[in-house]
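What follows is a set of notes on a single structure, which appears directly below.
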Amino acid sequence: MIVFLCSKCGTTITPELAELAAVPDVSDNEHDRDKETRRAPSSVPRGHYVIDPEPWGPLYAVQDDQETPKPANARGPVVSHGEVFVISAGTRHTVLVHPDDAADLQPLPNGENSRGCCGPTGDEGLNRACTCGAPVATLAADCFGPYELHLDPVRTYAFSQ
Ligand SMILES: [Zn+2]
Ligand SMILES: [Zn+2]
C-alpha cells in the first residue's frame with residue numbers, strides 16, 4: 001500500500017492506495033455519464049492508483065500528421081490550437097487516482113487552469129493545490145473526456161509504510 005504526500009510540505013494527500021495492474025481506458029459511452037454532473041465514472045476506483053505512462057497536459061506540440069490527428073492527450077479529445085492539431089508533450093508518469101481519494105485538494109486562486117464546460121477539462125496544466133498552496137495535481141472533470149485526478153510525479157511523492 002502506498003500513500004501520496006505533498007513534496008513541498010509533506011502533508012498526506014491520499015489514504016493508503018493499492019496499485020492497479022493496468023491503466024483503465026476512458027469510457028466513451030454517453031450513458032455512463034452522471035445525469036447531473038455530466039462526468040464519466042471515475043477512471044480509477046476508490047482506494048487505487050495507477051501510473052499513466054503517457055504525457056498529460058501542456059506543453060503541446062504540433063502533430064506530425066495533420067490529416068488524421070490523434071487526441072491531444074491520450075485520454076482526451078482531439079484538440080486544435082488555431083488551425084493546427086496539437087499533441088501533449090507534457091508530464092509523463094502522472095499518478096491517476098479517484099478525485100475523492102484526494103478530497104482536501106483545492107482549486108487554484110481565480111480558477112486557474114480550471115476552464116471547461118461542466119467542469120475543468122484538465123488539459124491546461126496543474127489546477128489543484130495542496131492545503132499549503134502548492135499546485136500538485138490536475139483534475140479532469142468535464143462533460144467530455146475522463147473523470148480523474150493526475151498527481152504530478154515531482155510535486156507529490158509516494159511513501160510505502
Ligand atoms: Zn503541501
Ligand atoms: Zn458540459
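The values are calculated or read from the model by the stated rules, or taken from the named source; none is laboratory data. Model, not experiment: these values are computed from the prediction. Quick reminder, even Gly has a Cβ in these numbers, built from the backbone with ideal geometry, and neighbours come from all protein chains shown.
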Of all the residues that make up segment 129-152, how many are without any contact (Cβ under 8 Å) to a residue 60 or more places away in the chain and hydroxyl-bearing (Ser, Thr, Tyr)?
0
Has segment 7-29 got any residue that is in a strand (DSSP E or B) and within 16 Å of ligand 1 (Cβ to nearest atom)?
yes
Among the basic types (Lys, Arg), closer than 22 Å to Pro45 by Cβ and surrounded by 14 or more Cβ atoms within 10 Å (Cβ to Cβ): does that describe Arg128?
yes
Looking for something in contact with a helix residue (DSSP H, G or I) (Cβ under 8 Å, 6 or more places away or on another chain), part of a loop (DSSP other than H, G, I, E, B) and in contact (Cβ under 8 Å) with a residue 12 or more places away in the chain - is there at least one such residue anywhere in segment 45-58?
yes
Report yes if some residue within segment 7-22 is surrounded by 13 or more Cβ atoms within 10 Å (Cβ to Cβ), more than 25 Å from Tyr157 (Cα to Cα) and among the small types (Gly, Ala, Ser); otherwise report no.
no
Looking at segment 49-61 only, could you name the residues that are surrounded by 13 or more Cβ atoms within 10 Å (Cβ to Cβ) and either of a type in the set (Val, Ile, Thr) or closer than 14 Å to Gly122 by Cα (or both)?
Val50, Ile51, Pro55, Trp56, Gly57, Pro58, Tyr60
Counted residues, segment 143-161 - those being in a strand (DSSP E or B) and either surrounded by 16 or more Cβ atoms within 10 Å (Cβ to Cβ) or not polar (S, T, N, Q) (or both):
9
Specify the residue that is surrounded by the fewest Cβ atoms within 10 Å (Cβ to Cβ); the eligible residues are those in segment 63-91 that are at pLDDT below 95 and outside any loop (DSSP other than H, G, I, E, B).
His81
Among Leu59, Leu96, the single one that is among the hydrophobic types (A, V, I, L, M, F, W, C) and out of contact with any strand residue (DSSP E or B) (no Cβ under 6 Å at 6 or more places or on another chain) is Leu59
Report yes if Ala140 is away from ligand 2 (no atom under 16 Å from the Cβ) and either outside any helix (DSSP H, G or I) or not β-branched (Val, Ile, Thr) (or both), otherwise no.
no
Residue pairs within 9 Å by beta carbon, gap of at least six or interchain, first lying in segment 107-124 and over 16 Å from Trp56 (Cβ atoms) and assigned to a strand (DSSP E or B), second within 15 Å of ligand 2 (Cβ to nearest atom) and at pLDDT below 95, listed first then second, are none
Scanning segment 99-139 residue by residue, those under 13 Å from the mean Cα position of the chain (by Cα), within 16 Å of ligand 1 (Cβ to nearest atom) and of a type in the set (Ser, Thr, Tyr) turn out to be Thr138
